[in-house]
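Each remark here refers to the structure printed beneath this line.
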Amino acid sequence: MSCPTTLIIKNTFICAVEDEASSPAYGVGRRRSKTEGDYLSCLEPELADLVSEADEVPAQSPTASLSDLGVALQAGGSGASSALTEILNCARSLAFDSAGSQLLQQALELADAQFAHNVATTLWGLMPQAVCSQHAHKVLDTLVQHLDMEVAVCLVDELLGDSCCLATHAFGSVVVRRLLEQLAGEAATVALIDEVLSGNLNHMICHKFGHTVALSILFNGLPRHRSRLFEVLSGDLQRFARHRFASYVLALALSQCSTQEAHILASALMGQAGAVSSLACHSFGVRVVRALLELPSDAEQVRFYLLKSSRRLQKDKFGSQLLDELRTQAKDVDDTFGRIGGA
(Lines give C-alpha, C1' and ligand atoms only; values in the text may rest on other atoms or scores of the structure.)
Protein backbone atom coordinates (compact mmCIF):
# COMPACT_ATOMS: atom_id res chain seq x y z
CA MET A 1 0.00 0.00 0.00
CA SER A 2 1.50 3.35 -1.01
CA CYS A 3 2.02 6.14 1.51
CA PRO A 4 -0.21 9.20 1.17
CA THR A 5 1.35 12.07 -0.76
CA THR A 6 0.80 15.69 0.19
CA LEU A 7 1.46 18.88 -1.73
CA ILE A 8 3.15 21.57 0.38
CA ILE A 9 5.10 24.71 -0.37
CA LYS A 10 8.77 24.70 0.68
CA ASN A 11 10.97 27.72 0.03
CA THR A 12 8.64 28.92 -2.76
CA PHE A 13 8.74 25.48 -4.50
CA ILE A 14 5.71 23.15 -4.70
CA CYS A 15 6.90 19.70 -3.65
CA ALA A 16 5.23 16.29 -3.47
CA VAL A 17 6.36 14.71 -0.21
CA GLU A 18 5.41 11.82 2.02
CA ASP A 19 4.30 12.34 5.62
CA GLU A 20 6.97 14.31 7.52
CA ALA A 21 7.24 17.06 10.04
CA SER A 22 6.62 20.57 8.71
CA SER A 23 9.50 23.02 8.44
CA PRO A 24 9.81 25.30 11.48
CA ALA A 25 8.57 28.85 11.21
CA TYR A 26 11.17 31.34 10.03
CA GLY A 27 13.52 32.32 12.85
CA VAL A 28 12.27 29.70 15.32
CA GLY A 29 15.11 27.68 16.78
CA ARG A 30 17.65 29.48 14.59
CA ARG A 31 20.34 31.98 15.49
CA ARG A 32 23.11 33.85 13.77
CA SER A 33 26.40 32.05 13.55
CA LYS A 34 29.16 33.51 15.69
CA THR A 35 32.75 32.80 16.61
CA GLU A 36 33.32 31.93 20.23
CA GLY A 37 35.96 33.29 22.57
CA ASP A 38 39.45 34.16 21.42
CA TYR A 39 39.14 32.29 18.11
CA LEU A 40 37.55 35.34 16.50
CA SER A 41 39.30 36.10 13.19
CA CYS A 42 42.00 33.51 13.93
CA LEU A 43 41.78 31.60 10.66
CA GLU A 44 45.30 30.15 10.52
CA PRO A 45 45.40 26.68 12.16
CA GLU A 46 48.74 27.27 13.85
CA LEU A 47 47.47 30.51 15.44
CA ALA A 48 44.25 28.84 16.54
CA ASP A 49 46.38 26.21 18.30
CA LEU A 50 48.27 28.95 20.11
CA VAL A 51 45.05 30.51 21.39
CA SER A 52 43.63 27.20 22.59
CA GLU A 53 46.87 26.51 24.47
CA ALA A 54 46.57 29.88 26.22
CA ASP A 55 43.04 29.05 27.34
CA GLU A 56 44.31 25.88 29.00
CA VAL A 57 46.99 27.61 31.11
CA PRO A 58 45.98 27.54 34.81
CA ALA A 59 46.17 30.94 36.45
CA GLN A 60 45.30 32.55 39.75
CA SER A 61 42.16 34.69 40.06
CA PRO A 62 42.03 37.90 42.12
CA THR A 63 40.47 37.67 45.58
CA ALA A 64 38.99 41.18 45.39
CA SER A 65 36.49 42.24 42.72
CA LEU A 66 37.88 43.91 39.62
CA SER A 67 35.88 47.07 40.29
CA ASP A 68 37.36 47.33 43.80
CA LEU A 69 40.86 46.93 42.42
CA GLY A 70 40.18 49.65 39.85
CA VAL A 71 38.96 52.03 42.56
CA ALA A 72 42.03 51.29 44.66
CA LEU A 73 44.30 52.07 41.71
CA GLN A 74 42.67 55.45 41.18
CA ALA A 75 42.82 56.28 44.91
CA GLY A 76 46.60 55.85 45.08
CA GLY A 77 48.64 55.30 48.22
CA SER A 78 49.06 51.97 49.98
CA GLY A 79 45.75 50.72 48.57
CA ALA A 80 47.04 51.17 45.03
CA SER A 81 50.25 49.33 45.89
CA SER A 82 48.28 46.38 47.24
CA ALA A 83 46.04 46.42 44.17
CA LEU A 84 49.06 46.40 41.85
CA THR A 85 50.51 43.43 43.70
CA GLU A 86 47.29 41.44 43.37
CA ILE A 87 46.90 42.42 39.71
CA LEU A 88 50.45 41.31 39.00
CA ASN A 89 49.89 37.95 40.70
CA CYS A 90 46.81 37.35 38.55
CA ALA A 91 48.14 38.87 35.31
CA ARG A 92 48.06 35.56 33.42
CA SER A 93 44.30 35.19 33.94
CA LEU A 94 43.40 38.88 33.77
CA ALA A 95 45.10 39.35 30.39
CA PHE A 96 42.77 36.86 28.67
CA ASP A 97 39.58 38.21 30.25
CA SER A 98 37.49 41.11 28.93
CA ALA A 99 37.19 43.11 32.16
CA GLY A 100 40.50 41.81 33.49
CA SER A 101 42.46 43.00 30.47
CA GLN A 102 41.00 46.49 30.87
CA LEU A 103 42.09 46.52 34.52
CA LEU A 104 45.57 45.35 33.57
CA GLN A 105 45.85 48.10 30.94
CA GLN A 106 44.75 50.65 33.54
CA ALA A 107 47.43 49.41 35.92
CA LEU A 108 50.10 49.67 33.21
CA GLU A 109 49.09 53.26 32.49
CA LEU A 110 49.25 54.27 36.17
CA ALA A 111 52.25 52.25 37.38
CA ASP A 112 55.97 52.64 36.66
CA ALA A 113 58.24 50.86 34.19
CA GLN A 114 59.18 48.24 36.79
CA PHE A 115 55.56 47.07 36.99
CA ALA A 116 55.47 46.75 33.18
CA HIS A 117 58.69 44.71 33.37
CA ASN A 118 57.14 42.43 35.99
CA VAL A 119 53.98 41.95 33.89
CA ALA A 120 56.10 41.02 30.88
CA THR A 121 57.99 38.49 33.02
CA THR A 122 54.70 37.01 34.26
CA LEU A 123 53.36 36.65 30.73
CA TRP A 124 56.63 35.25 29.39
CA GLY A 125 56.00 32.10 27.41
CA LEU A 126 52.46 33.16 26.57
CA MET A 127 53.33 35.98 24.17
CA PRO A 128 52.44 34.15 20.92
CA GLN A 129 49.10 33.09 22.40
CA ALA A 130 48.41 36.54 23.87
CA VAL A 131 48.99 38.21 20.48
CA CYS A 132 46.11 36.15 19.04
CA SER A 133 43.76 36.77 21.95
CA GLN A 134 40.81 39.12 21.59
CA HIS A 135 41.62 40.68 24.98
CA ALA A 136 45.28 39.93 25.74
CA HIS A 137 46.53 41.59 22.55
CA LYS A 138 45.31 44.92 23.95
CA VAL A 139 47.40 44.31 27.06
CA LEU A 140 50.47 43.67 24.90
CA ASP A 141 49.76 46.81 22.87
CA THR A 142 49.81 48.87 26.07
CA LEU A 143 52.70 46.89 27.54
CA VAL A 144 55.02 47.61 24.61
CA GLN A 145 54.55 51.35 25.15
CA HIS A 146 55.74 51.11 28.78
CA LEU A 147 58.55 48.57 28.54
CA ASP A 148 62.26 49.28 28.57
CA MET A 149 63.87 48.84 25.17
CA GLU A 150 65.78 45.67 26.11
CA VAL A 151 62.67 43.88 27.42
CA ALA A 152 60.57 44.96 24.43
CA VAL A 153 63.20 43.54 22.08
CA CYS A 154 62.94 40.20 23.89
CA LEU A 155 59.18 40.28 23.21
CA VAL A 156 59.90 40.64 19.50
CA ASP A 157 62.19 37.62 19.66
CA GLU A 158 59.30 35.53 21.02
CA LEU A 159 57.16 36.40 18.00
CA LEU A 160 59.75 35.47 15.38
CA GLY A 161 58.62 32.41 13.49
CA ASP A 162 54.95 33.39 13.51
CA SER A 163 55.15 36.95 12.17
CA CYS A 164 53.90 36.14 8.65
CA CYS A 165 50.65 34.77 10.07
CA LEU A 166 50.42 37.49 12.71
CA ALA A 167 50.69 40.23 10.06
CA THR A 168 47.31 39.24 8.61
CA HIS A 169 45.65 38.45 11.94
CA ALA A 170 42.96 40.75 13.34
CA PHE A 171 44.73 41.07 16.70
CA GLY A 172 48.29 40.08 15.83
CA SER A 173 48.59 42.86 13.26
CA VAL A 174 47.89 45.44 15.99
CA VAL A 175 50.81 44.25 18.11
CA VAL A 176 53.13 43.93 15.11
CA ARG A 177 52.40 47.54 14.10
CA ARG A 178 53.01 48.76 17.65
CA LEU A 179 56.36 46.98 17.77
CA LEU A 180 57.38 48.53 14.45
CA GLU A 181 56.47 51.98 15.74
CA GLN A 182 58.13 51.67 19.15
CA LEU A 183 61.26 49.75 18.13
CA ALA A 184 62.00 51.07 14.65
CA GLY A 185 65.58 50.38 13.64
CA GLU A 186 66.28 47.79 16.34
CA ALA A 187 67.95 44.60 15.11
CA ALA A 188 65.08 42.44 16.39
CA THR A 189 62.52 44.64 14.63
CA VAL A 190 64.49 44.50 11.39
CA ALA A 191 64.49 40.70 11.67
CA LEU A 192 60.72 40.77 12.26
CA ILE A 193 60.15 42.89 9.13
CA ASP A 194 62.45 40.64 7.11
CA GLU A 195 60.40 37.65 8.15
CA VAL A 196 57.11 39.37 7.29
CA LEU A 197 58.46 40.37 3.88
CA SER A 198 59.48 36.78 3.18
CA GLY A 199 55.82 35.75 3.09
CA ASN A 200 53.10 36.15 0.47
CA LEU A 201 53.15 39.93 0.02
CA ASN A 202 50.55 39.99 -2.75
CA HIS A 203 48.13 38.53 -0.24
CA MET A 204 49.28 40.76 2.61
CA ILE A 205 48.90 44.13 0.89
CA CYS A 206 45.40 43.16 -0.29
CA HIS A 207 44.39 41.90 3.16
CA LYS A 208 42.10 43.82 5.51
CA PHE A 209 44.63 43.65 8.36
CA GLY A 210 47.80 42.81 6.47
CA HIS A 211 47.80 46.05 4.50
CA THR A 212 48.03 48.04 7.76
CA VAL A 213 51.29 46.21 8.56
CA ALA A 214 52.55 47.05 5.07
CA LEU A 215 51.75 50.73 5.75
CA SER A 216 53.69 50.55 9.02
CA ILE A 217 56.67 48.99 7.24
CA LEU A 218 56.67 51.85 4.73
CA PHE A 219 56.72 54.32 7.60
CA ASN A 220 59.15 52.57 9.94
CA GLY A 221 61.15 50.10 7.84
CA LEU A 222 64.56 50.43 6.25
CA PRO A 223 65.02 51.58 2.61
CA ARG A 224 65.50 47.95 1.53
CA HIS A 225 62.15 47.07 3.12
CA ARG A 226 60.44 49.81 1.14
CA SER A 227 62.22 48.61 -1.99
CA ARG A 228 60.83 45.11 -1.45
CA LEU A 229 57.28 46.48 -1.30
CA PHE A 230 58.05 48.60 -4.37
CA GLU A 231 58.97 45.42 -6.27
CA VAL A 232 55.72 43.72 -5.28
CA LEU A 233 53.58 46.73 -6.17
CA SER A 234 55.30 47.04 -9.55
CA GLY A 235 54.17 43.52 -10.41
CA ASP A 236 50.47 44.43 -10.84
CA LEU A 237 50.11 48.18 -10.50
CA GLN A 238 46.74 48.67 -12.14
CA ARG A 239 45.08 45.98 -10.00
CA PHE A 240 46.63 47.24 -6.78
CA ALA A 241 45.64 50.83 -7.63
CA ARG A 242 41.99 49.77 -7.80
CA HIS A 243 42.03 47.50 -4.76
CA ARG A 244 40.21 48.52 -1.60
CA PHE A 245 43.23 47.97 0.67
CA ALA A 246 46.24 47.75 -1.66
CA SER A 247 45.48 51.25 -3.00
CA TYR A 248 46.37 52.65 0.44
CA VAL A 249 49.73 50.86 0.29
CA LEU A 250 50.44 52.10 -3.23
CA ALA A 251 49.49 55.68 -2.38
CA LEU A 252 51.83 55.69 0.62
CA ALA A 253 54.62 53.99 -1.34
CA LEU A 254 54.57 56.94 -3.76
CA SER A 255 55.53 59.25 -0.88
CA GLN A 256 57.73 56.93 1.21
CA CYS A 257 59.79 55.10 -1.40
CA SER A 258 62.88 56.70 -2.94
CA THR A 259 62.42 59.46 -5.52
CA GLN A 260 63.55 57.13 -8.29
CA GLU A 261 61.20 54.32 -7.23
CA ALA A 262 58.26 56.72 -6.89
CA HIS A 263 58.93 58.08 -10.40
CA ILE A 264 59.03 54.54 -11.81
CA LEU A 265 55.67 53.75 -10.20
CA ALA A 266 54.18 57.01 -11.46
CA SER A 267 55.44 56.48 -15.01
CA ALA A 268 54.07 52.95 -15.07
CA LEU A 269 50.67 54.14 -13.80
CA MET A 270 50.52 56.84 -16.48
CA GLY A 271 51.94 54.63 -19.24
CA GLN A 272 48.60 53.36 -20.50
CA ALA A 273 46.35 55.71 -22.46
CA GLY A 274 43.55 57.06 -20.29
CA ALA A 275 44.92 55.37 -17.16
CA VAL A 276 44.95 58.52 -15.02
CA SER A 277 41.38 59.54 -15.83
CA SER A 278 40.24 55.94 -15.33
CA LEU A 279 41.81 55.86 -11.87
CA ALA A 280 40.37 59.27 -11.05
CA CYS A 281 36.87 57.90 -11.69
CA HIS A 282 37.45 54.86 -9.46
CA SER A 283 36.43 54.84 -5.79
CA PHE A 284 39.83 53.49 -4.69
CA GLY A 285 41.99 54.54 -7.61
CA VAL A 286 41.30 58.22 -6.95
CA ARG A 287 43.40 58.09 -3.76
CA VAL A 288 46.35 56.94 -5.87
CA VAL A 289 45.82 59.88 -8.25
CA ARG A 290 45.84 62.24 -5.27
CA ALA A 291 49.18 60.72 -4.23
CA LEU A 292 50.51 61.23 -7.77
CA LEU A 293 49.57 64.90 -7.55
CA GLU A 294 51.91 65.23 -4.56
CA LEU A 295 54.99 64.11 -6.54
CA PRO A 296 57.04 67.14 -7.60
CA SER A 297 58.43 65.46 -10.72
CA ASP A 298 55.13 64.04 -12.00
CA ALA A 299 52.35 66.28 -10.66
CA GLU A 300 52.29 68.57 -13.70
CA GLN A 301 51.82 65.69 -16.12
CA VAL A 302 49.08 64.20 -13.94
CA ARG A 303 47.24 67.56 -13.95
CA PHE A 304 47.55 67.70 -17.75
CA TYR A 305 45.92 64.29 -18.14
CA LEU A 306 43.14 65.18 -15.69
CA LEU A 307 42.31 68.51 -17.36
CA LYS A 308 42.46 66.85 -20.78
CA SER A 309 39.75 64.42 -19.58
CA SER A 310 37.79 67.00 -17.60
CA ARG A 311 34.52 66.31 -19.46
CA ARG A 312 34.64 62.64 -18.54
CA LEU A 313 35.65 63.41 -14.96
CA GLN A 314 32.90 65.98 -14.55
CA LYS A 315 30.28 63.27 -15.12
CA ASP A 316 31.73 61.00 -12.42
CA LYS A 317 31.24 61.29 -8.65
CA PHE A 318 34.90 60.82 -7.75
CA GLY A 319 36.32 62.54 -10.81
CA SER A 320 34.23 65.68 -10.28
CA GLN A 321 35.34 65.87 -6.63
CA LEU A 322 38.98 65.68 -7.73
CA LEU A 323 38.44 68.41 -10.35
CA ASP A 324 36.87 70.66 -7.71
CA GLU A 325 39.94 70.13 -5.50
CA LEU A 326 42.26 71.05 -8.37
CA ARG A 327 40.27 74.21 -9.12
CA THR A 328 40.33 75.22 -5.46
CA GLN A 329 44.10 74.71 -5.31
CA ALA A 330 44.59 76.72 -8.50
CA LYS A 331 42.43 79.53 -7.12
CA ASP A 332 44.43 79.58 -3.88
CA VAL A 333 47.67 79.79 -5.84
CA ASP A 334 46.32 82.65 -7.99
CA ASP A 335 45.16 84.53 -4.89
CA THR A 336 48.56 84.07 -3.26
CA PHE A 337 50.44 85.40 -6.29
CA GLY A 338 47.92 88.23 -6.56
CA ARG A 339 48.66 89.34 -3.01
CA ILE A 340 52.39 89.10 -3.61
CA GLY A 341 52.08 91.14 -6.79
CA GLY A 342 49.96 93.74 -5.03
CA ALA A 343 52.55 94.10 -2.32
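One table, with the values for the structure above:
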| quantity | calculated |
| --- | --- |
| Residue within segment 109-132 that is touching a Lys or Arg at 6+ places or on another chain (Cβ under 8 Å), more than 30 Å from Leu66 (Cα to Cα) and not hydrophobic (A, V, I, L, M, F, W, C) present | no |
| Count of segment 286-314 residues which are under 24 Å from His243 (Cβ atoms), out of contact with any Phe, Trp or Tyr (no Cβ under 8 Å at 6 or more places or on another chain) and of a type outside the set (S, T, N, Q) | 15 |
| Arg224 being open to solvent by 20 Å² or more (accessible area, probe 1.4 Å) and part of a loop (DSSP other than H, G, I, E, B) | no |
| Check on Ser101, open to solvent by less than 50 Å² (accessible area, probe 1.4 Å) and in a helix (DSSP H, G or I) | yes |
| Ala299 closer than 18 Å to Leu215 by Cα and open to solvent by less than 30 Å² (accessible area, probe 1.4 Å) | no |
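The values are calculated or read from the model by the stated rules, or taken from the named source; none is laboratory data. Model, not experiment: these values are computed from the prediction. Virtual Cβ from ideal backbone geometry, glycine too; neighbours counted across all protein chains shown. Heavy atoms of the whole protein, side chains included, go into the accessibility calculation; ligands, DNA and RNA do not. Shrake-Rupley method; radii C 1.70, N 1.55, O 1.52, S 1.80 Å.
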